[in-house]
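Worksheet: the structure to be examined is printed underneath.
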Amino acid sequence: MDQIRPLAPPFPSRLPAVGTTVFTVMSALAAKHQAINLGQGFPDFPCDRELISHVNAAMLADHNQYPPMTGIADLRQGIAQKIYELYGYQYNPDTEITITAGGTQGIMTTILSCVSPGDEVVIIEPAYDSYRPSVELACGKIVAVPLIAKRDNQGGVCSYLIPWTELANSINAKTRLIIINTPHNPTGMVWKASDLDRLADLVRGTNALLLSDEVYEHMVFDGINHVSIASHPELAARSFLISSFGKTYHVTGWKVGYVAAPEKMMQEFRKVHQFNVFTVNTPMQFGLAEYLKNADHYLGLASFYQAKRDYFSRGLKETGFKLLPAPASYFQCVNYTELNIPQAKMSEADFCFWLTAEIGVAAIPVSAFYAQPVESGVIRFCFAKKEETLSTALKRLQTL
Ligand code: GLN
């Protein structure tokens with residue numbers, strides 16, 4: 001009980017500004033208060049049984065030892081073919097695609113493979129919270145530029161715009177990497193083909209590489225098509241493309257994703273990857289390779305999630321929340337500052353704590369996507385949930 005421990009040596013943090021990720025904090029709080037968890041982005045419905053039976057079959061067929069370091073050939077081939085058919089860029093599955101333990105590991109490994117101390121990395125805020133610490137561990141320097149929120153006559157956000165002038169000003173001889181994220185977490189903003197052309201104008205003649213985080217690639221709504229970096233050969237030639245099976249096939253807990261990049265870049269990526277995770281679990285890769293053969297499994301995702309977005313946003317319109325555009329991803333952002341309650345004046349984080357504990361619905365403060373929290377009175381709900389979950393959450397939110 002009263003064991004006396006010798007003192008540990010001093011342990012200066014490599015990430016002094018970092019605590020536990022907001023997604024973990026909010027999920028734990030939701031569990032503590034038995035709240036409906038619309039915070040962390042993950043589905044609450046089961047994945048397809050067919051996918052599970054492919055994995056089971058792979059285990060029973062004794063595919064249980066290390067796979068190749070880069071991932072099993074069948075899965076890499078399936079990914080190369082999918083990217084080619086959808087976006088037109090031909091990656092060599094042997095030398096240009098690597099299976100990762102989810103998108104977040106792909107992001108960290110990409111950054112460690114190309115950012116050296118003092119290199120600058122441009123991110124567009126709000127930004128997924130893993131980008132910044134990954135750059136800090138590589139001793140790179142973050143240059144953050146803010147997304148522009150365009151407002152309508154009533155002052156509500158009607159769309160988000162890429163900050164072209166600031167982006168142009170942020171790129172210089174020290175820029176090693178620019179991170180883009182389309183569809184964007186948390187706003188759902190998507191890059192258009194003309195945006196990629198404009199980005200190409202900015203990076204042409206520089207040494208800047210790109211990391212394109214496209215884990216929500218199959219969740220783009222209202223008839224709009226996802227524009228991948230792989231649809232722009234000039235940019236693809238200097239890009240790491242990242243995606244995730246967890247998001248696409250409702251299996252976030254399996255932690256399987258991939259990175260595609262031109263051979264020279266992928267060689268460096270693999271040098272880090274092999275000593276980071278070495279490989280990613282074998283039976284899941286076999287199961288995913290089989291399941292990927294049927295394109296309907298990912299092509300149907302946009303209409304599936306659009307129906308959920310529409311159901312959820314219809315219900316939210318009966319609350320005092322102001323809805324922000326939700327053109328893609330499985331997130332709906334709302335502004336709470338016009339609710340007729342004292343809590344409308346709270347910070348985003350405090351509002352989310354209160355909403356979880358007192359109203360029984362967890363959300364994510366968008367301020368968590370900034371290094372220096374920017375308070376815009378906006379929180380993020382995840383609508384990747386069963387209709388009954390959304391319906392119960394809506395009943396609670398409609399009291400506001
Ligand atoms: N990408 C997910 C989100 O934004 C969560 C990922 C995580 O929890 N690491 O909610």
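Throughout, read-outs are computed from the coordinates displayed, never taken from laboratory work. These numbers come from a predicted model, not from an experiment. Ideal geometry is used to build each Cβ from the backbone, glycine not excepted, and the neighbour counts take in all protein chains shown.
What dipole magnitude, in Debye to the nearest 20, does region 114-182 give about its Cα centre under +1 on Lys/Arg Cβ and -1 on Asp/Glu Cβ? Provide the component values of the computation, followed by the final result.
Details: 6 positive and 7 negative charges, 19 e Å.
With Lys and Arg at +1 and Asp and Glu at -1, about 100 debye.
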Q | Ranked list, fewest to most other Cβ atoms within 10 Å of each Cβ, for Ile79, Ile359 | A | Ile359, Ile79
Q: Can you work out the PRE-style zone for Asn294? Point 7 Å along Cα to Cβ, and I want the residues of region 14-55 with backbone N under 18 Å.
A: 46-55
Q: Could you tell me the convex hull volume per residue, in Å³, taken over the Cα atoms of region 1-144?
A: 264
**Q.** DSSP bridge pairs, region 90-184: antiparallel proportion in percent, nearest 5
**A.** 30
Q.
Just want to confirm a number: the relative contact order over the chain, from Cα pairs under 8 angstrom separated by 6+ residues, in percent.
A. 24
Q) Residue by residue, what Karplus-based ³J(HN,Hα) values in Hz, rounded to whole numbers, does region 316-324 have, using 6.51, -1.76 and 1.60 with θ = phi - 60° and x for Gly and Pro? A) 5, 5, 8, 10, x, 5, 9, 7, 8
Q. What ranking do Leu60, Leu86 get, fewest neighbouring Cβ atoms within 10 angstrom at the top?
A. Leu60, Leu86
**Q.** Ranking of Thr110, Thr389, Thr21 by count of other Cβ atoms within 10 Å, fewest first
**A.** Thr21, Thr389, Thr110
Q) Once the Cα gyration tensor of the chain is found, what semi-axes does its equivalent ellipsoid get, as square roots of 5 times the eigenvalues, in whole Å, sorted largest first? A) 32, 26, 24
Q. Counting DSSP beta bridges in the chain, what percent are antiparallel, to the nearest 5?
A. 50
**Q.** Along each principal axis, Cα extent of region 52-120, largest first, Å
**A.** 49, 29, 20
Q) Tell me, Kirkwood radius of region 176-315 from alpha-carbon pair distances, in Å? A) 16.6
(Q) I'd like the Karplus ³J(HN,Hα) series for region 81-98: coefficients 6.51, -1.76, 1.60, θ = phi - 60°, whole numbers in Hz, and an x wherever there's a Gly or Pro. (A) 5, 4, 4, 5, 5, 7, 10, x, 8, 9, 8, 7, x, 7, 10, 10, 10, 10
Q) Once you charge only the Cβ atoms, +1 for Lys and Arg and -1 for Asp and Glu, what is the size of the charge dipole of region 175-278 about its Cα centre, to the nearest 20 debye? A) 360
